[in-house]
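S.K.: What follows is a single structure, and I will ask about it in a moment.
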Amino acid sequence: MTTPHAPRRRMKAVGATGLSAALALTLGVPATFSAAHAQSPQQVEGSTASASGDAASRISPGLQKAEGQITVYVQFKGKGAYEQTQSAAVLARKEAPANRQAQVQAIAAQVQSQAQSVAAASGAKLMYTTHNAMRGAAITGDAAQIRALAERPDVERISPIIAKERMNSGSEIDTKTLATWTRENTGYTGKGVKIAVVDSGVDYTHADFGGPGTVDSYLKAKAMTELPSADSGLIDRNKFIGGIDLVGDDYNASVAEKSTPQPDNNPLDCRPDGFGSGGHGTHVAGTAAGYGVTANGTTYRGDYKNLTEEQLKGMSIGPGTAPDAQILAIRVFGCYGNSSVVMKALDTVMDPNGDGDFSDRADIVNLSLGGEFAPADDPESYMINTMARQGVFTVAAAGNANNYNGVGDTYSDSGSPANAAAALSVANAYGSTQPIDRVRTTTKTGLEWLQGDYSVNFDYSKASADQLRGEVVAAPKRNRYACEAFTAEEAKALKGKWVYFEWDQDDLTFPCGSKTRFDNVQAAGGVGVVMAGKAERYTIGIGGNATIPGLRLTASSTKDLEKALAAGPVTVEMNLDYKASGRGPHSHAFDLNSSSARGQHGSDGFIKPDLAAPGTEIVSAAVGTGNKGVSFTGTSMATPHVAGVAALVMQAHQDYNPQMIKAALMNGASTPIKNEQGAQYAVDRVGTGMVNARAAVDAKVIAYDAKTPERVSTAFGVLEYTPDSGIQTVQREIVLDNTDSQAHTYTLNYEASTTIPGVEYSYPQQVSVGAGERKNVTVTVRIDPSKLEKTMDPAMSADQVAQDWTTGKTLAAGKRQYIASASGRLIFSENGREAIRQSIHVAPKPVSKMRVDASRIDYKGIADKESTVTLRGTTLNQGGYRSLLGAFELGAVSDRIPSGQLKLPSNQAVDLQYVGAASDAPALKAAGKNPNDGSLFFGISTWGTWDSMHWGRQVQVQIDTNNDSTADYVLEVTREKGLDYPLVKVWSISGNASTVVARYPLNSAWGDTDTNIMDTNTMILGVPLKDLGLTAEKAQSIKYTVQTDTWYNDGNPYVDTTSAIEYSPFNPGVWFTGEESGVPGLFVDRDGGQLTVHRKNNNKERQALFLHMHNATGDLSGRKTANGVAAGDRAQIVKVARTIHDARFTDVPADNQFYREITWIAARQIDRGYQDGTFRPLNNMDRATMAAYFYRMSGSPQYTAPSTPSFSDVPLNHPYYKEIEWMKAQG
């Protein structure tokens, strides 16, 4: 058969024809990666297992069919240099690395030799090599030549490289970091800890890092290709100890001509004005380990142990959370675009100067980068887990939903590397304070500063100093809000002054808009505005006008100004540098930023993110400004906050390995994160809670999951039970690890964030653990499947809207998808105080166990068109769940791809299993309705389950409506930004142009009707026939092709595809009627229910595909069993045949030894016998008749015989000419 592309493997199509349609639109590439990237110190669930054996296990069939230029990472066999040359004590962080330069350099030379060899053998370009963490090389070249590398005995694995993209002062108070610095005798500031910032570089000339703090010094450093010397006056080598620029300013992995790195030894960041769009890495580094900048713009050189909260709030840039930690900068981004050198950067972290001596190795890696919806088996995750095994701790951003309109409450939005087992994933929460604008004052009371918010419409950057400074006078009381025009007499007192009046009334409402007031002041001759506010923080800014400056004061600053005015003249001075230079209370204190990405919900045995930290409106160092700050928001900002806290923990507990540091941080995150209604966010949105530096540093007893210690949290997973299966109990062990010299006794209590009826946790009420002892604590979840209901996270919004931000147009709106979970935190308290919290999560769901009670659907006679089948099994109908059934004419069957032969095992979710089509047009016609109002449905099952259908996984159905072997329409399973629900997007294709016709929810229903859309392997794509231009009047057949892909299938046209399949929507070979469910395309799937299977009046044997949407997953291994192939419990194939009881030939009695076989031939009209009713079984059969038999047994496929005979004895008028020519064409 032919397929649109040379297939990676053969797929059996049922009733397939030879359509060779080109892809109508690309299945997609990764959406731009932004702040967010992980796995285990040991090989764990979801990790990429080491390949072994033949070449097929080292490189995927997907790569074997890749075309054109691709970039891959070729992993060589053998341990990385660090693991091979260092002792177990070093790997456990109990000893400093030993100097093994000669051995390391020998390994590096060997890897370089291997890399050059594979590059030469494949004609590829060598991008870089790694040898410290893992041995390997990144190469770019032609896929056809790279394929052969899998045959080499030194190759362990070949993986695609996916480009990554980049994703403070009150925060230290909220997270108890200040309290950690100032503790008597034991204050920790990160001294002796090295933090590697893998990002856009760092501006080490900034005052926050001890640099000279001038723009000129930045420009001087920018001209260098080497790091400045310690005596250059440009760098503080006590803070900034080294680094490397792996890429150069012009590098951009997504642009071919700029994708070749131009490295040098100066990892200086770019700045926005004139040098690109950098600054990300500088901001991140300042949050983690900056010294801090005082109000007068100088580096803070004081003792952090003596800092007070007021002093901290008064600084222009607060210190990083580990102000005495040292910084290494590994630059992976150019001034613009994304990067493909993150793996090289991670390897460089192990030996930054590349001399083979690991003594300069970083202790902590900050990754404020990554990708949304990326799977946990991303190849970079394996390296992160390897590094954790070698003692290096990684902190990664959970993600900002940058590519999802900032709607972070989207399942699985948080991607790699944050979802790696060993990485600590950080969410973005609000702190108790936020940046606030300030004005300087001159008063008789000594008042120096007032706080508030500047007007928006005035351009402060173009104003002179005189325009921004003036004396304040109060407006007359009769016009206390300045909503009315001032009289000529009043204007005399206001001319040339800044006019002070009230903004709002006592109930915080305001009598008129700000522009009216500013205009009234200006008309009276006033040159500025100061408005008295009655709130400490307003959520809506003030516009003002474009001609005079002004600000609105906070309530406390209003009182201060009132006192100052009563004492004498007051002068105010505004300045662009004063904007966001103060701190004020936050209106969303300890809430979650809505852009912070929701993580995994247990489908693969884990949950993310791990904890939260302040990441909203964080002020940190601004690149190229000398000493100024800038406010950024995102998980990129929350991540370095935690990286700095990790440095404090590392300083306090120098014998803790990365997994123990992670546990200390998560266990101590004791501040709950709640929404405005007071609902606490679930653990798969914020982890354990807000990071608490003091609790983490004090942690001498830690808790972590016994089965997956590297993940720390305890996830029971997604569990499936039929309602009648009885009470179920599942147990997990939590390790209580006491590193203290004294025993501890804890009282246990569970704090729920999401609940489900019928689900309860039990645990010991009290537990004691001796000094230096480890003790397991058993947690049991008891589940009554008969009581399970589909409950929603109380902090979740049920309704979502997808909008086009450029036009404001609503693209789709509906009820979101969600799963029910019982989750919360297990609290360990000692002496009445919380000491440890452990995240716990389970997602049980009730399932049906239904089947069509038939191995074959029979029809009694040739004229019979209907047959009834009965549904048997365990029905599901409770708590928002109801078992549903899709019935289709089978179109294609596909064997399972071995997981080791996929580019990533997670690609199994789009490895096609069965494909079918159905139409309700015949049923409408039979009911006397208009068949043109019907819909076309495509049923698809796969060999792997998906946690959620999102952009990272793509499914397309290409439809040829005019039989010209070109797709006229495409149904694409996709998303629209802002709506957490997979959609069927209908595209109309005309030449090279494509237009969106409509969007429909996948499975034909929104999230308020459960169709089991998550944690499943079945889906239904429905579309009205009118959308495809199909009508009963034309009644033509169509051809459809199904293709799938993932972001992690780089360089390949698809993961899987069918051949073209013929189907007739108005006159299908098989169609169905049954108990309607209210969901188009789905019937009620209940015990005792019945389906009527209708068929054409022909004798072609067909097969029916039944998708029991709510059945359990079952065994999807594809292994051979006594009952066939293990294909799971949702998809069921039943033959649609007919048994002829009245079609006996007069010369073939029932006792004829070949009676059944001859009847079977006749039933399928392969041989109808003679007109006299005989079969004549003893007649001889010639070759021509045999050809006719084979042709009819193959279903009489469409075939046009050549106009010139192929055989001299078979002329054009031979009765079997077509059949003989067809058989010859088959070879």
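S.K.: In segment 729-768, what residues are polar (S, T, N, Q) and not in a loop (DSSP other than H, G, I, E, B)?
M.R.: THR729, GLN731, ASN738, THR745, THR747, ASN749, SER753, THR754, SER762, GLN766, SER768, listed by residue number.
S.K.: Follow-up. Here are THR974, THR966, THR945: which of them is farther than 25 Å from THR410 by Cβ and modelled with pLDDT under 95?
M.R.: Result: THR966 is the single residue among THR974, THR966, THR945 that is farther than 25 Å from THR410 by Cβ and modelled with pLDDT under 95.
S.K.: Here's another thing I want to ask about it. If you check ILE146 against the conditions, is it assigned to a helix (DSSP H, G or I), assigned by TED's automatic domain parsing to the domain that holds LYS77 and at pLDDT 75 or above?
M.R.: yes
Residues are listed down the side, and each one gets a yes or a no for (1) among the charged types (D, E, K, R); (2) over 22 Å from ALA812 (Cβ atoms); (3) within 24 Å of the chain's Cα centre (by Cα); (4) part of a loop (DSSP other than H, G, I, E, B):
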| residue | (1), (2), (3), (4) |
| --- | --- |
| TRP1006 | no, no, yes, yes |
| ILE1013 | no, no, yes, yes |
| ILE1020 | no, no, yes, no |
| PRO1068 | no, yes, no, yes |
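S.K.: Another one. Can you tell me which of (1) surrounded by 23 or more Cβ atoms within 10 Å (Cβ to Cβ); (2) more than 25 Å from the chain's Cα centre (by Cα); (3) closer than 19 Å to THR1041 by Cβ is the one ALA921 doesn't meet?
M.R.: (3)
S.K.: Tally the residues that are under 21 Å from the mean Cα position of the chain (by Cα) and either buried (at least 17 other Cβ atoms within 10 Å of the Cβ) or at pLDDT 90 or above (or both), restricting the search to segment 762-798.
M.R.: 4
S.K.: In segment 887-909, is there at least one residue being small (Gly, Ala, Ser) and on the phi > 0 side of the Ramachandran plot?
M.R.: The answer is no; no qualifying residue exists.
S.K.: Hey, could you check segment 361-384 for residues that are modelled with pLDDT under 90 and more than 24 Å from SER259 (Cβ to Cβ) and say which is surrounded by the most Cβ atoms within 10 Å (Cβ to Cβ)?
M.R.: Per the criteria, the residue is ALA376.
S.K.: Looking for something in contact with a His (Cβ under 6 Å, 6 or more places away or on another chain), surrounded by fewer than 22 Cβ atoms within 10 Å (Cβ to Cβ) and under 13 Å from PHE1072 (Cβ atoms) - is there at least one such residue anywhere in segment 866-884?
M.R.: Yes.
S.K.: Within segment 1031-1051, track down each residue that is surrounded by 24 or more Cβ atoms within 10 Å (Cβ to Cβ) and either within 17 Å of TRP943 (Cα to Cα) or modelled with pLDDT under 95 (or both).
M.R.: The answer is VAL1042, GLN1043, ASP1045, THR1046, TRP1047, TYR1048, ASN1049.
S.K.: Out of ALA555, ALA580, which single residue is touching an Asp or Glu at 6+ places or on another chain (Cβ under 8 Å) and at positive phi?
M.R.: ALA580
S.K.: Moving to a separate point now. For the list (1) within 49 Å of the chain's Cα centre (by Cα); (2) modelled with pLDDT of 95 or more; (3) of a type in the set (A, V, I, L, M), I need the number of the one condition that ALA463 fails.
M.R.: (2)
S.K.: Now, a different point. In segment 947-967, what count of residues is obtained for those that are within 10 Å of ILE1038 (Cβ to Cβ) and touching a strand residue (DSSP E or B) at 6+ places or on another chain (Cβ under 6 Å)?
M.R.: Result for segment 947-967: 3.
S.K.: Considering only segment 400-416, I want to know if a residue exists there that is closer than 28 Å to SER316 by Cα and modelled with pLDDT under 90.
M.R.: Yes, that holds for at least one residue.
S.K.: Moving to a separate point now. Filter segment 589-613 down to the residues that are closer than 23 Å to ALA663 by Cβ and among the acidic types (Asp, Glu), then identify the one that is surrounded by the fewest Cβ atoms within 10 Å (Cβ to Cβ).
M.R.: ASP604
S.K.: For the list (1) of a type in the set (Val, Ile, Thr); (2) surrounded by 15 or more Cβ atoms within 10 Å (Cβ to Cβ); (3) more than 25 Å from ASN749 (Cα to Cα), I need the number of the one condition that ILE840 fails.
M.R.: All conditions are met except number (3).
S.K.: While we're here: Applying the selection to segment 658-681, what residues are buried (at least 24 other Cβ atoms within 10 Å of the Cβ) and aliphatic (A, V, I, L, M)?
M.R.: Residues satisfying the conditions are ILE661, ALA663, ALA664, LEU665, MET666, ALA669, ILE673.
S.K.: Moving to a separate point now. Which residue pairs have Cβ atoms under 7 Å apart, sit 6 or more places apart or on different chains, and have a first residue in segment 1012-1031 that is charged (D, E, K, R) and a second that is not in a loop (DSSP other than H, G, I, E, B)?
M.R.: Here the result reads ASP1015/VAL718; ASP1015/THR945; LYS1026/ASN932; ASP1027/VAL986; ASP1027/VAL997; ASP1027/ALA998, each pair linking segment 1012-1031 to a residue that is not in a loop (DSSP other than H, G, I, E, B).
S.K.: Still on this structure, please answer the following. For segment 816-833, enumerate the residues that are of a type in the set (D, E, K, R), farther than 20 Å from THR729 by Cα and crowded, with 18+ Cβ neighbours inside 10 Å.
M.R.: ARG816, the sole residue that qualifies.
S.K.: Applying the selection to segment 1193-1209, what residues are under 30 Å from THR1146 (Cβ atoms) and either surrounded by fewer than 12 Cβ atoms within 10 Å (Cβ to Cβ) or modelled with pLDDT under 75 (or both)?
M.R.: Selection gives MET1193, GLY1195.
S.K.: For residues in segment 104-129 being modelled with pLDDT under 85 and part of a strand (DSSP E or B), which is surrounded by the most Cβ atoms within 10 Å (Cβ to Cβ)?
M.R.: Applying the filter and picking the extreme gives MET127.
S.K.: Turning to a different aspect of this structure: Would you point out the residue of segment 149-159, among those that are at pLDDT 85 or above and hydrophobic (A, V, I, L, M, F, W, C), that is surrounded by the fewest Cβ atoms within 10 Å (Cβ to Cβ)?
M.R.: Among residues in segment 149-159 that are at pLDDT 85 or above and hydrophobic (A, V, I, L, M, F, W, C), the one surrounded by the fewest Cβ atoms within 10 Å (Cβ to Cβ) is VAL155.
S.K.: Is segment 1102-1121 home to any residue that is assigned by TED's automatic domain parsing to the domain that holds ARG896 and modelled with pLDDT under 75?
M.R.: no
Residue by residue, here is whether (1) assigned to a loop (DSSP other than H, G, I, E, B); (2) touching an Asp or Glu at 6+ places or on another chain (Cβ under 9 Å); (3) charged (D, E, K, R) holds:
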residue	(1), (2), (3)
GLY320	yes, yes, no
ILE327	no, no, no
CYS335	yes, yes, no
GLY354	yes, no, no
ILE384	no, no, no
ALA388	no, yes, no
ALA418	yes, yes, no
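S.K.: Take the residues in segment 82-103 that are polar (S, T, N, Q) and either assigned to a loop (DSSP other than H, G, I, E, B) or assigned by TED's automatic domain parsing to the domain that holds GLY354 (or both), then tell me which one is farthest from MET387 (Cα to Cα).
M.R.: ASN99
The values are calculated or read from the model by the stated rules, or taken from the named source; none is laboratory data. Predicted model, so just to flag it, every value in this text is computed and none were measured. FYI the Cβ positions are ideal-geometry reconstructions off the backbone, even for glycines, and counts take in every protein chain you see.
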